[in-house]
Amino acid sequence: MWRLFIVLICGALLAGCGDSESSSAPPVHRGAELIRTSYGVVHIRADDFGGIGFGLAYAYAEDNVCMLADTLLTVRGERSRYFGGDAGPTVGRDGEYSVAIDYLNQHRFDLRNEDSDFFFKAYLDPAQLRAGYAAASQDVTALLNGYAAGYNQYLREHANALPAACRGAAWVKPISVDDVYLLIAEKAIHASGQIFPHQILAAARDAESGARKAIVAPPQWPNSGLGSNGVALGGDVTANGRGMLLANPHYPWFSTDRFYQVHLTVPGVYDVMGVSLGGLPAVVIGFNKDVAWTHTVTKAVHFTTFRLRRDKADVSGRTYLVDGVPEKMTERVVEVQLRQPDGSQRARRRTFFYTRLGMLMEASGLPIDSGDFVVLGDPNRNNTRLVEQWLAMGRADSVRSLQAALGRIMGLPWVNTIATDRHGNALYIDNSVVPHVATDKFLSGCLLFDTLLLLDGSRSACHWGTDRAAPPGIFGADSAPWLLRRDYVANSNDSYWLSNSHQLLTGPEPSGYSPLYGPTDTPQQLRTRMGFVQLDDLLAQRTRLDLADLRHLLFSNRVLAAELVLPDLLAGCTGAADVTLRAACDVLAAWNRKADLDSRGTLLFREFWLHAVEVPAMWAVPFDTADPVHTPRGVASAALPTMMAMLKAAAAKLTALGIPLDARLGDYQVDNRGRIHTAMHGGIGDIDGVYNAVHMSTTPTRDEDDHVIWGTSYVQLVAFDDAGPIARGLLAYGQSTDPGSAHYGDQLPLYAAKELPRLPFSEKEIRMDGNFQRTTLSDK
């Protein structure tokens with residue numbers, strides 16, 4: 001009943017097929033069945049991973065074909081060919097999709113099309129990606145080839161019925177497996193290469209004239225911005241003694257990093273539900289019958305730079321010295337086609353330069369001598385292990401086997417993993433791809449410039465090291481921070497140090513983990529503290545928790561900043577004579593200190609706190625390394641007059657904007673997309689300490705263009721019983737980016753109401769879903 005074979009003949013639309021199969025080989029067979037349940041959740045069943053890839057791509061295209069096609073232009077370096085070199089990426093308006101790249105919400109990839117095309121064509125090398133995937137498992141090979149075939153099949157069937165955003169567009173075209181490689185590779189470099197596009201481009205030379213772009217300043221790298229929450233409970237603190245998980249990634253709502261709800265099943269081999277990311281052919285956050293996991297963006301650093309000494313004996317200026325021995329750069333000429341106003345094409349070429357330590361970049365203000373080189377070392381640039389890693393995680397039957405899979409493959413590019421299992425174990429681990437720079441190298445003069453982690457590349461002793469059973473140049477599992485517990489582990493994007501409030505991780509003696517994994521003994525973000533405050537409060541109240549408790553933890557919308565400072569601030573209001581200040585104090589005294597829809601005072605406190613958080617020496621109780629959850633706190637008496645003045649200024653600003661001081665949050669924090677208007681609860685996150693983070697496009701107004709930029713996106717709560725997983729969740733913005741789809745924004749009311757529907761996992765649950773629909777996919 002579930003079995004269907006689809007015959008796909010290698011041809012022009014399945015480029016690359018001939019590379020893996022001879023012309024005399026029998027046709028490739030793929031089978032897939034597409035089921036949709038409530039809210040358009042996708043379930044793909046197939047007899048092999050080729051069918052899984054085929055069905056997943058077909059379903060994703062049904063919901064997001066324009067965004068995926070536009071994204072493929074970006075990673076292929078073809079935006080200028082269709083839209084012109086001076087235009088920028090497609091930016092969503094009125095709820096349409098966006099392909100703007102904005103990892104960590106810091107706008108480092110604001111490039112016009114010509115520069116974007118040159119960057120991707122120079123930075124991502126299909127030949128090296130092919131070489132990497134040549135070592136992939138048969139399942140991954142089948143999955144990725146099937147994905148290309150499924151997308152092409154969708155285009156064949158729907159070429160004349162695409163959504164309005166890309167209907168009739170020449171840039172919506174068939175793909176090859178190389179394009180799938182590029183799609184995955186773009187995600188891998190979010191926390192490395194995509195931080196430095198301007199500096200990479202500045203080092204290139206015009207292939208004809210030799211001219212170069214202006215040298216730019218190095219990027220700032222605070223490693224903050226987008227965030228996520230992850231909590232894994234162990235059997236010692238759950239109602240039935242089995243593990244439970246809260247997954248709460250805070251990702252963009254209108255970009256290529258949107259999630260997509262999927263359930264992928266190869267009977268008897270693989271059965272995993274959760275979400276894929278940006279069209280990737282894998283479940284990246286999810287669960288099976290035994291294990292549930294989520295990811296948070298790690299505090300670790302995923303690149304270094306190197307200073308290289310020029311060999312003055314080479315008049316070409318393209319030779320550098322390592323331990324006094326000359327080594328020659330390689331170079332590659334990259335060509336980009338630019339659409340002209342009359343529709344014709346004009347080619348432009350630039351030459352990019354490479355060393356064995358990384359790609360040449362240029363930036364001003366670096367502490368190097370004239371003539372020295374700087375290169376970007378990026379261990380994720382040719383990381384072809386991502387899909388292999390997520391497939392292996394989906395096959396795990398315990399957190400121990402999941403941990404073993406992480407250590408065996410080392411494929412996760414820039415995320416922590418928080419996981420639990422039906423046996424009641426809870427795991428935190430940062431097994432992401434981190435350059436192998438041990439503590440001793442930081443102590444031996446290798447580090448030349450902190451800001452860019454600039455190492456002395458002229459000394460081989462300062463190059464990346466190697467761990468046993470790890471890919472060259474990165475730390476292996478034995479060097480990565482991890483914690484296994486029976487009560488809980490959690491992370492909200494601060495470092496590994498605080499993963500459990502009762503056991504701080506410091507690493508092996510005497511030097512601990514590499515500094516590249518993040519700091520220890522430092523104050524934590526307020527969102528991190530809020531998570532641990534709530535967990536410890538809940539466990540102090542009743543020792544055993546259930547899914548309802550995790551839901552409450554996520555959606556409590558408590559504002560930790562208010563809890564820390566309002567007692568002292570309101571005490572300072574006593575006897576205030578100023579009318580404006582007195583009114584502000586009265587509102588905050590009556591406020592519930594939450595960011596719920598009906599909360600009155602949230603907007604006033606937020607406007608105040610955005611400035612007050614910068615007051616020096618503000619805290620009455622300073623940070624204590626022995627108590628990072630509850631310190632710092634309170635308002636120092638010396639800071640109180642400044643903060644009272646800031647509160648008055650915040651009240652005056654809201655009044656000038658026509659916003660009542662006691663305005664209801666739900667009247668001003670609204671996601672607007674076309675004719676859909678949804679009041680949004682939630683706060684800023686790291687700054688104000690609201691666990692459920694939602695970032696809006698504008699400051700508080702009743703502007704109908706206001707919308708969520710990023711924040712709580714996918715929510716997944718998972719527990720286990722004897723029959724299997726019990727899961728609830730939602731995808732806040734919905735499955736589709738097409739405003740004409742029934743699944744465009746259809747889950748927004750669920751978010752507003754804090755409702756988490758059951759996620760149907762078993763065959764019985766799926767068939768009983770009131771919106772069950774089944775489609776048999778075939779090659780017509």
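As a length-normalised measure over Cα pairs under 8 Å and 6 or more apart, the relative contact order of segment 681-744 settles at 18 percent. Dividing the mean sequence gap of close Cα pairs (under 8 Å, 6+ apart) by how many residues segment 484-531 holds gives a relative contact order of 39 percent.
Label segment 632-738 by shape, choosing from rounded, prolate and oblate, from the square roots a ≥ b ≥ c of the eigenvalues of the Cα gyration tensor; if a/c is under 1.5 it is rounded, and otherwise prolate applies when a/b is larger than b/c, oblate when it is not.
oblate
State whether the chain is rounded, prolate or oblate according to the following rule on the C-alpha gyration tensor (a ≥ b ≥ c being the square roots of its eigenvalues): a/c under 1.5 gives rounded; otherwise a/b larger than b/c gives prolate, and the remaining case gives oblate.
Because its axes are fairly even, with a/c under 1.5, the chain counts as rounded.
What the phi angles of segment 719-736 give under the Karplus curve with 6.51, -1.76 and 1.60, with θ = phi - 60°, is a coupling list of 10, 9, 10, 5, 8, x, x, 10, 10, 10, x, 7, 10, 3, 8, x, 6, 10 Hz, glycine and proline written as x.
A 1.4 Å probe run over the protein chains yields, for the chain, 36 Å² of accessible area per residue, whole-number rounding. Between segment 147-172 and segment 220-299, the alpha-carbon centres lie 29 Å apart.
The fraction of accessible area contributed by carbon and sulfur in the chain is 52 percent, rounded to a whole number (1.4 Å probe; ligands and nucleic acids excluded).
Each peptide among 347-356, 37-46, 592-601 gets the average number of other Cβ atoms lying within 10 Å of its residues, and from highest to lowest they stand as 37-46, 592-601, 347-356.
By DSSP, the beta bridges lying fully in the chain are antiparallel in about 90 percent of cases.
Report, in order of residue number, the helices in the chain meeting two criteria: a C-alpha extent of 20 Å or more along the helix axis, and a mean Kyte-Doolittle hydropathy of at least 0.5; treat each whole DSSP H run as one helix. Span-like helices in the chain: 49-76, 640-656.
Tell me the relative contact order for segment 350-430 as a rounded percent, counting alpha carbon contacts under 8 Å between residues six or more apart.
21
Among beta bridges from DSSP that stay inside segment 646-780, the antiparallel ones total about 95%. Dividing the helix sum by the residues of the chain, where each DSSP H run of 4 or more adds -39500 (n - 2.57), gives a mean residue ellipticity at 222 nm of -8000 deg cm²/dmol. By its C-alpha gyration tensor, with a ≥ b ≥ c as the square roots of the eigenvalues, how is segment 689-765 shaped: rounded for a/c under 1.5, else prolate for a/b larger than b/c, else oblate? Because a/c hits 1.5 or more and a/b fails to exceed b/c, segment 689-765 counts as oblate.
Counting every pair of alpha carbons in segment 185-294, the share spaced more than 21 Å apart comes to 58 percent.
The values are calculated or read from the model by the stated rules, or taken from the named source; none is laboratory data. Every value quoted in this text rests on a predicted model; they were computed, and no experiment measured them. Backbone-built Cβ (ideal geometry, glycine too); neighbour counts: all protein chains shown. Only protein heavy atoms, including side chains, enter the accessible area calculation; ligands, DNA and RNA are left aside. Shrake-Rupley method; radii C 1.70, N 1.55, O 1.52, S 1.80 Å.
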